[in-house]
Amino acid sequence: MYVDYIDFKEGTIMKVTFAGNEVNLVGTEIHVGDTIVDFTAVNNDLSQFKLSDIKGKKLIVAVPSIDTSVCDAEVRRFNEEAVKFPKVTVITVSMDLPFAQKRWCGAHGIENVITVSDFKDRSFAHTFGAYLPNVGLIARSIFILDEHNKVQYVEYVKEVTDHPDYTAALKALQV
């Protein structure tokens with residue numbers, strides 16, 4: 001099992017920066033070895049998404065908004081890489097409205113990634129400890145879950161406007 005966990009905690013509050021400003025993350029911090037019970041979100045067709053409905057290994061890519069340059073590049077990269085991992089479901093979660101996600105995916109030919117919106121209940125953001133309360137967005141983060149939803153890899157990106165460590169995440173998928 002490959003592990004790359006960046007620890008930004010001070011006490012029990014994990015902190016990241018957003019555009020250089022320190023922000024406390026809200027929710028349950030996830031660690032390698034934890035098991036995720038479930039979370040819900042909204043599919044692009046407005047139906048309910050449940051993690052428990054997805055079988056097999058999962059790569060969860062959390063981004064603040066797919067309409068920003070870093071998020072755009074990140075989702076495109078994982079969309080391209082997904083074809084190399086046919087037994088892995090790649091799920092991108094953001095606070096973008098489902099309509100915006102659907103439009104963006106269609107405009108950019110995104111076919112290998114499921115995009116879901118956490119705008120309604122913030123279930124993902126709180127379950128994964130990735131909620132940025134001051135801005136109402138999700139912190140950039142990567143999670144790899146095995147077929148039993150046991151966490152195999154975690155990266156909370158220290159500066160939310162930076163790219164994740166693509167090499168480490170893709171290497172962790174190979175294990």
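Name the residue that is farthest from Arg122 (Cα to Cα), counting only residues in the stretch 39-51 that are assigned to a loop (DSSP other than H, G, I, E, B) and in contact (Cβ under 8 Å) with a residue 40 or more places away in the chain.
Step one: filter the stretch 39-51 for residues assigned to a loop (DSSP other than H, G, I, E, B), giving 39, 44-47.
With in contact (Cβ under 8 Å) with a residue 40 or more places away in the chain added as a condition, the list becomes 39, 44-46.
Values: Phe39: 9, Asn44: 16, Asp45: 18, Leu46: 15 Å.
Within the stretch 39-51, the match that is farthest from Arg122 (Cα to Cα) is Asp45.
Return the residues of the stretch 17-29 that are among the aliphatic types (A, V, I, L, M) and either modelled with pLDDT of 95 or more or not in a strand (DSSP E or B) (or both); say none if nothing qualifies.
Looking only at the stretch 17-29, we keep the residues that are among the aliphatic types (A, V, I, L, M), and these are 19, 23, 25-26.
Ala19, Leu25 - these are the residues of the stretch 17-29 that are among the aliphatic types (A, V, I, L, M) and either modelled with pLDDT of 95 or more or not in a strand (DSSP E or B) (or both).
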> Just checking, how many residues over the stretch 143-175 are closer than 18 Å to Ile36 by Cβ and buried (at least 16 other Cβ atoms within 10 Å of the Cβ)?
Replying inline: 13
> Can you name the number of the only condition in (1) at pLDDT below 95; (2) touching a Leu at 6+ places or on another chain (Cβ under 6 Å) that Val90 fails?
Replying inline: (1)
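Looking at Lys84, Lys57, which is the one that is under 16 Å from the mean Cα position of the chain (by Cα) and of a type in the set (Lys, Arg)?
Lys57
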> Among the residues of the stretch 128-142 satisfying the criterion of being open to solvent by less than 10 Å² (accessible area, probe 1.4 Å) and of a type outside the set (Gly, Ala, Ser), which is farthest from Val70 (Cα to Cα)?
Replying inline: Phe128
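Suppose we filter Phe99, Phe119, Phe85 for residues that are aromatic (Phe, Trp, Tyr) and open to solvent by less than 60 Å² (accessible area, probe 1.4 Å); which single one remains? Spell out how you get there, then give the answer.
On the way: Phe99 fails: open to solvent by less than 60 Å² (accessible area, probe 1.4 Å); Phe119 fails: open to solvent by less than 60 Å² (accessible area, probe 1.4 Å).
Among Phe99, Phe119, Phe85, only Phe85 is aromatic (Phe, Trp, Tyr) and open to solvent by less than 60 Å² (accessible area, probe 1.4 Å).
Can you go through Val61, Val32 and tell me which one is assigned to a loop (DSSP other than H, G, I, E, B) and either at pLDDT below 95 or touching a Phe, Trp or Tyr at 6+ places or on another chain (Cβ under 8 Å) (or both)? Break it down into steps so the answer makes sense when it comes.
Numbers: Val61 fails: assigned to a loop (DSSP other than H, G, I, E, B).
Matching residue, one of Val61, Val32: Val32.
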> Of the residues that sit in the stretch 64-78 and are in a loop (DSSP other than H, G, I, E, B) and not aliphatic (A, V, I, L, M), which one is most open to solvent (accessible area, probe 1.4 Å)?
Replying inline: Asp67
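Can you go through Tyr131, Tyr153 and tell me which one is farther than 13 Å from Val93 by Cα and touching a strand residue (DSSP E or B) at 6+ places or on another chain (Cβ under 8 Å)? Walk me through it before giving the result.
Values: Tyr131 fails: farther than 13 Å from Val93 by Cα.
So the residue among Tyr131, Tyr153 that is farther than 13 Å from Val93 by Cα and touching a strand residue (DSSP E or B) at 6+ places or on another chain (Cβ under 8 Å) is Tyr153.
The values are calculated or read from the model by the stated rules, or taken from the named source; none is laboratory data. Because the structure is a prediction, the values reported are computed rather than measured. With ideal geometry, Cβ positions are generated from the backbone for all residues, glycine too; neighbour counts draw on all protein chains shown. Surface accessibility is based on the protein's heavy atoms, side chains included, excluding ligands, DNA and RNA. Shrake-Rupley method; radii C 1.70, N 1.55, O 1.52, S 1.80 Å.
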